[in-house]
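One structure is given below, represented as structure tokens, and several questions about it will come after.
The values are calculated or read from the model by the stated rules, or taken from the named source; none is laboratory data. Predicted model only: the values in this text are computed from it and were never measured. Here the Cβ positions follow ideal geometry from the backbone for every residue, glycine too, while neighbour counts run over all protein chains shown.
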């Protein structure tokens with residue numbers, strides 16, 4: 001009989017869809033070997049009750065309550081819980097135990113994408129601000145780039161439900177990103193992104209990325225990426241974004257270095273499935 005795994009996630013307009021889509025990918029990987037149930041968590045107080053009839057519970061939440069349980073639990077993105085029955089992993093961290101790209105669930109088909117850059121053709125710039133677009137940063141950023149960029153023949157590919165398109169914004173395509181991100185990535189040459197799941201996906205392909213965020217948790221990650229030469233971090237300094245776009249576009253050696261560094265770091269052997277197998 002197959003062992004049973006319960007995966008609980010959070011999603012909302014406020015926190016976005018990242019937790020859900022990570023869990024959905026994980027379910028597809030696990031269901032070949034286990035009986036997996038995927039469910040949205042409504043009341044956090046019921047985690048212990050919900051997990052009773054399962055061999056393992058996996059939680060992917062924005063914030064975690066105090067969990068008292070004798071059942072085995074794996075939690076995403078929180079490395080500070082102290083409970084012998086709870087194992088913490090954080091794919092978006094890179095310096096702690098059970099963290100980094102080895103524990104990331106990449107979308108199917110991502111390794112089939114070959115990065116292409118040709119200055120003779122129009123360059124596709126991918127914008128992703130995330131669901132929590134504080135102070136309408138995406139509109140401000142794109143407005144500034146459009147007004148001040150003079151060197152790049154480009155088209156913007158944007159993922160945002162909040163973006164307000166107007167006659168000012170030409171050469172812009174608004175996308176439904178989460179259905180199949182690989183169909184978007186294969187036509188992207190440069191990315192301007194918040195620092196979440198997309199950062200790792202863009203990195204695995206090698207797409208040069210400018211990290212732009214004002215969220216505290218993402219700023220920490222962005223600074224680490226910049227230190228490792230995997231993408232520059234620009235905190236709300238719009239002039240620097242335009243300068244960096246031009247540098248990536250014009251400086252072939254700089255662009256190639258970014259591509260190589262990112263590919264090497266993010267293409268590591270996955271350890272997540274083995275970890276789950278050991279826990280169950």
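Can you name the residue in the stretch 35-46 that is farther than 19 Å from residue 3 by Cβ and modelled with pLDDT of 90 or more and is also surrounded by the fewest Cβ atoms within 10 Å (Cβ to Cβ) among such residues?
Restricting to residues being farther than 19 Å from residue 3 by Cβ and modelled with pLDDT of 90 or more, the top hit is 40.
Moving on. For residue 138, state whether it is at pLDDT below 85, in a loop (DSSP other than H, G, I, E, B) and either within 18 Å of the chain's Cα centre (by Cα) or loosely packed, with under 14 Cβ neighbours inside 10 Å (or both).
no
In addition: When only residues in the stretch 62-82 that are in contact with a strand residue (DSSP E or B) (Cβ under 7 Å, 6 or more places away or on another chain) and in a loop (DSSP other than H, G, I, E, B) count, which is modelled with the highest pLDDT?
By that ranking, first place goes to 72.
Could you tell me how many of the residues in the stretch 83-97 are at pLDDT below 75 and assigned to a strand (DSSP E or B)?
Adding up the residues that qualify gives 0.
Out of 207, 219, 184, 224, report the one residue that is modelled with pLDDT of 90 or more and either within 16 Å of residue 259 (Cα to Cα) or part of a helix (DSSP H, G or I) (or both).
The unique qualifying residue is 207.
Could I ask something else about it? For a quick check of your reading of the model, give me the residue pairs whose first member lies in the stretch 217-235 and is in contact (Cβ under 8 Å) with a residue 60 or more places away in the chain, whose second is outside any helix (DSSP H, G or I) and surrounded by fewer than 20 Cβ atoms within 10 Å (Cβ to Cβ), with beta-carbon atoms closer than 7 Å and at least 6 apart or on different chains.
That search, which allows pairs on different chains as well, returns 224/94.
For the stretch 98-122, name all the residues that are under 22 Å from residue 241 (Cα atoms), at pLDDT below 90 and either surrounded by 16 or more Cβ atoms within 10 Å (Cβ to Cβ) or in contact with a helix residue (DSSP H, G or I) (Cβ under 8 Å, 6 or more places away or on another chain) (or both).
Once the filter is applied, which keeps residues that are under 22 Å from residue 241 (Cα atoms), at pLDDT below 90 and either surrounded by 16 or more Cβ atoms within 10 Å (Cβ to Cβ) or in contact with a helix residue (DSSP H, G or I) (Cβ under 8 Å, 6 or more places away or on another chain) (or both), the stretch 98-122 yields only 119.
When the stretch 164-177 is examined, which residues are found to be crowded, with 16+ Cβ neighbours inside 10 Å and at pLDDT below 65?
Once the filter is applied, which keeps residues that are crowded, with 16+ Cβ neighbours inside 10 Å and at pLDDT below 65, the stretch 164-177 yields 169, 177.
Hey, another quick one. Please go through the stretch 251-269 and give me each residue that is in contact with a helix residue (DSSP H, G or I) (Cβ under 8 Å, 6 or more places away or on another chain) and either within 14 Å of residue 117 (Cβ to Cβ) or surrounded by 14 or more Cβ atoms within 10 Å (Cβ to Cβ) (or both), ordered by number.
Across the stretch 251-269, the qualifying residues are 254, 255, 258, 262, 263, 265, 266, 267.
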